[in-house]
Amino acid sequence: MSALDAQAVYFPIKDDFVPYQYKENKICVVSIVGKSSYKAFSSKASPFNPILDADVFKGIDGLQDKVNAGEIECYYDADSNVVYLHHTSVLDTSRLASECQKLKDSSGKDFQSLWQQEDCHNAKCLLYLFHVSHIIVISYPGSSFDITYVRLFRILDSIRMKVQKCVTEQICNLPISKDWKYNGRPCSPRVLFVYESSTIEYDPDELVENTGYRPRPQRIHPIKRLQHCMEDQIYKILRKSRVITNISNNSLFAVPANQEFVFYHVYKNAASDPVAFFLQQIRENSIQRDLDAESPRKSYQSSRRGLSAGGSERSRSSPSGRHGDFSFKEFLWQHIDMALTKGFDDNVGRHPVTATFELPTSETWFTLANKLYLMFFAETLDPKLQPHCITLKSLLKTDLRFSENRCDKVLPVAENTYQENLPTHYVTNYHLTKLAQAKKVFSQFARGPACDRYLKELEESCERYWKNGRQLCEEISLTGNHCINPLHRTEDDIETESRSHIPVMSHSSQLRMKAACNCGRKQADKDDPFTHKAANYDFYTKLEEMCCGKLDSYTFPVFEPSSTDVRAATFSSITASKTRNVQGVKISQKDSISSTGKTEPSGVTQGMASLSLALSLGQSGGGSDMFVHGGQSNCSPLPDPDVTQNQDHTEDQSTSSSAPVSPLPSRQHSTTEYLPGMINTESPAGLLPKFPSWSLVCLGKSNIYNHTQGMDLPGFQSGSNFLLPWDITVQAERDKWPTVGETSGKKGKQKKGTRGKELTEMNLRVYIGEEYECPRGHRFFCSGPEKIIKVSSTSTVKDNANKLVNLDMPLYCPCHCRSSKGYMAQMMRIYIVTPDGPLRVSVNPLIQPGPHPCPIFHPGVGEEIDLTAGSTWVLRLPSIYMGENGPYTIPTDAAQLPACRLLKGTFNFKEVSTE
């Protein structure tokens, strides 16, 4: 019997659990169900341990290893012929802690689904216990009746009637009475309600005065009155809800008519903390050592509940002699003793009916209990039982059914909110905005656990409605405008099976701007570009057929494929940063001639400042100058010795071709990979773009420009179409150039040349203009940073080009056109009128289109571009600057506009001498 006395076992129970000598004993079955308090060292069945005088039912510390062993633990008290069944559910602290830990570890299950599953399983366990028990003790940690039990009892009573036939089939072959076989249970079980706390404190040692005697006890103690009031309330509630009736055989359970069925644990000195308990025992033993020397020692679990069971020495020696009034053992044992002797007869009414009650033998009961347990909790349920289990789940999910009905009514309202005032086509952001509005309406009226599921259904419904021909193209133009066409693909997109049904068309935002051609003599409407090819190449290529296609132009280096299998190059920013200043930043290392006529050595690396500011001011382009921008100094690389070793220091001033020749690249370019963007200081070496983003054309001779009338081009604001003069002093032979420029040589400045020819200083004038163009087609020249040229019809230009040559010019300038939007004009063209004479003018544009960090964009020719003498040239700048990380457009923050600029050093010159 050691196994029976020491611990409880879990269902299903083995056949040899009951020893042979106890198999014929008549037994009473007591079940403990309900909720437990949140205590670590006790459970709702712990008050039964003092009755059993053994640590059978433990708290969390005893169930940590057994919490998943089963739901019903069984203990057979063979001495008393009582079987105790303890139902552990999620309402117990131990099981709740375990399930919460599982829920924390697994993300695939939410709390609501877990609770519904446990609620259904708990109801099945209660239904099973109502079929096999004589007494059911419902324990509750509070002090009031839980009204939710009424709904649960009604559901269990309804399901019990439905499964009665299935239960009868399982037990028909057992040696039990016909009434038991017919009803499926030995009796209508008697239910007792036990509360672990009370609203009234009880202290048996309380005295009125310090006279050593107790007050006269009242006729009915307040605790007893509280229990009787609770019994009356519970009985009325159960009778009104028809959970119990006059005939107990027809009810789910019964309550005794003439016995107490409500009990309150009123003793507050029950130990719940083992540390405090042992400290108290040490103090008591140190004082009453002699008195307790012969008394046997009990375990902690038994001793700590002995106080609350009314078994303490103090209560036993109470003068009142009423210690049994609040003893849980006596409260419970009166019902067990009646069950073991004459049985229960809880029928009431005018016409008495014989109550069904039977005590089985231990062998018969354990066999029956195992069969019913396997029937209710088998992995594969009996087909006859399965529909009743489904009905049980449906009845328990009342809150879920209410939530589903409520959400089902709200869902169409939320869908109408989404579909209200929708455009024919819209983008993702607008879809998400409307979906958020629909969700807000749904959340205002939807309730219950079904909200999440219906919310997902709302999202799917709105997304289906959007994707059913209402999607707008998500492409954004380089200026930040959405394409207004329905979802489509372009001719360049790769056709896939999932996108084969999408129509093919070009992107369009229906926004247009007015822009001029490469030479600036013709304006046309320009569509909002979606690619930098459309912005920098396609538009100007179309206008070449009508305007500047026959003009002499400079050929910029572009990608030339060697096969049809070409691809865009891909590279990381780390690789690109290591290859800065490879293409286009190389400055020509030809020997420069200063204004004094002395030749400077070519072995010194010169920066951009030595080719722009120093030369234009007549200073020496000395060796240690460096071009500094963006907080970094970029030294131009050394020239190729094979190219510059045999190069002469003079060039022939007479050029047969009116267009300059592009220099050879410094290294071989790739013929299989092209640069997806534009050439800049962060571009890898050896890669070229598929098309040029720059344009350099010659309008004709220099005499087509009249400095008194300005440029005759469309779109210019009145008085802002004048170029600025840039005077340069050069050395010239008197016989070779008798009348050069607009001024004659100065006296006292004549000297002999290298071959005895007489040289003189002469001033040559170059005209320069940096044109800005706004989206409305308005154009103007600037004489300095954000300073528009304003010249009346009868005046001449008073400014010069020194600021254009020596200063960084802003890439964007506010336009003076009348518009509430305040358009910004962008620098689009540079005009250079070169004079006849011993002077070669060159350009080397370097543009920083954004704040730091931002690469420097350049044409990528490798050195300066020389312009022919006596000609009018137009350098058209890119409309969009496309880098490896995307386009650099006009900043939205006005404080960042000064960082967008054309760097100084764009205009350079060198003298040419002839023999």
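What follows is calculated from the coordinates using simple rules that are stated; it is not laboratory data. All figures in this text were calculated on a predicted structure; none of them were measured in a lab. All Cβ positions, even for glycine, are placed from backbone atoms using ideal geometry, and neighbour counts span all protein chains on display.
Things to note:
- Listed values for the range 862-876 are Karplus-derived 3J(HN,Hα) couplings in whole Hz (6.51 cos²θ - 1.76 cosθ + 1.60, θ = phi - 60°), namely x, 7, 5, 9, 7, 9, 5, 6, x, 9, 10, 10, 10, 9, 8, and x replaces Gly and Pro.
- Our coupling estimate for the range 431-437, obtained by passing each phi through the Karplus curve with A = 6.51, B = -1.76, C = 1.60 and θ = phi - 60°, is 4, 5, 5, 5, 5, 5, 5 Hz, Gly and Pro reported as x.
- Alpha-carbon gyration tensor eigenvalues x 5, square-rooted, for the range 407-520, Å: 38, 17, 10
- Listed cross-link partners LYS14/LYS178; LYS104/LYS397; LYS409/LYS456; LYS162/LYS384; LYS162/LYS240; LYS102/LYS397 are compared with a 18 Å cut-off, the Cα-Cα value being larger for LYS14/LYS178; LYS104/LYS397; LYS162/LYS240; LYS102/LYS397.
- Among HIS501, HIS431, a tally of other beta-carbon atoms within 10 Å of each Cβ gives an order, fewest to most, of HIS501, HIS431.
- Amide hydrogen proximity for THR729: with H placed 1.01 Å from N in the peptide plane, the residues at 5 or more positions away or on another chain lying under 5 Å are LEU764.
- The order of MET546, MET505, going from fewest to most other C-beta atoms within 10 Å of their C-beta, is MET546, MET505.
- Residues whose amide H comes within less than 5 Å of that of LEU877, counting only those at least five positions distant or on another chain, are ARG829, ILE830 (H built at 1.01 Å from N in the peptide plane).
- Between LEU839 and VAL912, the built amide H atoms are under 5 Å apart, and every one of these is 5 or more places off in sequence or on another chain.
- Over 20 Å [Cα-Cα, the range 397-467], rounded percent: 28
- Taking all Cα pairs closer than 8 Å and separated by 6 or more residues, the relative contact order of the range 397-467 comes to 50 percent.
- Under Karplus coefficients 6.51, -1.76 and 1.60, residue-wise ³J(HN,Hα) of the range 778-783 in Hz, glycine/proline x: 6, 10, 6, 9, 10, 9
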